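Step one of this worksheet: look at the structure below.
Readers should treat all values here as calculations from the given coordinates under stated rules, not as data from a laboratory. Predicted model, so just to flag it, every value in this text is computed and none were measured. Note: ideal-geometry Cβ built from the backbone for every residue, glycine included; neighbour counts use all protein chains shown.
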Amino acid sequence: MAVIENSKVTIVGAGSVGSSAAYAALIRGSARHVALYDIATEKVEAEVLDLAHGTQFTGSSDIVGGSDLSVVEGSHVVVITAGAKQHPGQTRIELAGVNAGIMQKMMPQLLEAAPNAIYVIVTNPCDVLTVLAQEDTGLPPERIFASGTVLDTSRLRWKLAERAGVSTSSVHAYIVGEHGDTEFPLWSKATIGTVPILDWVTPRGDRMTVEELDRIAVDVRDAAYKVIQGKGATNYAIGLSSARIIEAILNDERAVMPVSTVLSRFHGVDGVALSVPSVVSATGAVPIRETRFDDRELELFHASADALKKVADSLRA
């Protein structure tokens, strides 16, 4: 499939995450048309107006929006950020009940307005919501997936790049599993350039240790809590990572990104949405089945799947 002409993305939810995603998409020129939809009329109209005032400086993209579902029509990609936000001290999983209810009401309406779109779920807990939304809508798994650990992976690469003394783009490492407390890095495949992570000599003349990498993994896992504690929400980085996913779809890039799809017979995991390296293109997201885990990583992957399955099952009950 070729690059989508006259492309349109709609961001659903005009809160801090949705507005940041729309801003990032405008700045980066992620789509020809950017739309922002929210049921809160005054809020969404104010956000659209503020964004529109800057379009002289954003190239060919334009911004429209409002609280009428017609805003969503004609979308090639729909990014869902609507829902209750995570409060200080609250885990993503504690959000599950209320946001699952919102998603259940919203998805049929969005599908009616944009039946052929690719749906990207950013609302947390994004993995659980993706499973439930995919079941409710019957969409193929490649057409409804979560932003997953794309942001967590960016956080990891930033920290490793700082320590290794290289650019972030030269770090090849992934966070996989849940976007949340059971996520983990694929250390067995992590490299700086072509050099295995533990063999890299840093500008200080030393090498990173297993213990240090474990501390980095914890920092990455808990990064969102630190940001939420200080400013109430994470918004800029998730906005940028959402824009990057949008681009991979609309430009038919076949980019490898750790998004979260409902997995089928993937290293023994079935019916759970977890982030693994996936090919993201105009047809959606397809997990790379050849991804290899070492024994410890496979244990962690199954533990992540079990934790999320319990949450999803409790919401179905």
(Q) Expected output is a single nm value to one decimal: the length gained when fully extending between SER70 and GLU299, i.e. 0.36 nm times separation in residues minus the C-alpha distance. What is it? (A) 77.9 nm
Q. What is the set of long-range amide H partners of ALA233 at a cut-off below 5 Å, with H atoms built 1.01 Å from backbone N?
A. none
Q: Note down the magnitude of the dipole of segment 188-258 about its Cα centre, charges +1 on Lys and Arg C-beta and -1 on Asp and Glu C-beta and zero elsewhere, to the nearest 20 debye.
A: 160 debye
Q) In percent, what relative contact order does the chain have, based on Cα pairs under 8 Å that are 6 or more apart in sequence? A) 20 percent
**Q.** Taking N as its residue count, the alpha carbon Rg of the chain over 2.2 N^0.38 Å
**A.** 0.97
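Using packing as a proxy for protection, rank 253-266, 101-114, 21-34 so that the peptide with the highest average count of other Cβ atoms within 10 Å comes first. Mind dumping the intermediate values first?
Working: 253-266: 20.5, 101-114: 16.5, 21-34: 23.2.
In decreasing order of mean packing, 253-266, 101-114, 21-34 become 21-34, 253-266, 101-114.
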Q) What nm value, rounded to one decimal, do you get for the distance between GLU45 and THR191 when each label is placed 7 Å out toward the C-beta? A) 5.5 nm
Q: Take peptides 159-172, 218-231, 271-284 and line them up by average Cβ neighbours within 10 Å, highest first, as a rough protection proxy.
A: 271-284, 159-172, 218-231
(Q) Using helices alone, I'd like the mean residue ellipticity at 222 nm for the chain: each DSSP H run of four-plus residues gives -39500 (n - 2.57), total over residue count, nearest 500. (A) -13500 deg cm²/dmol
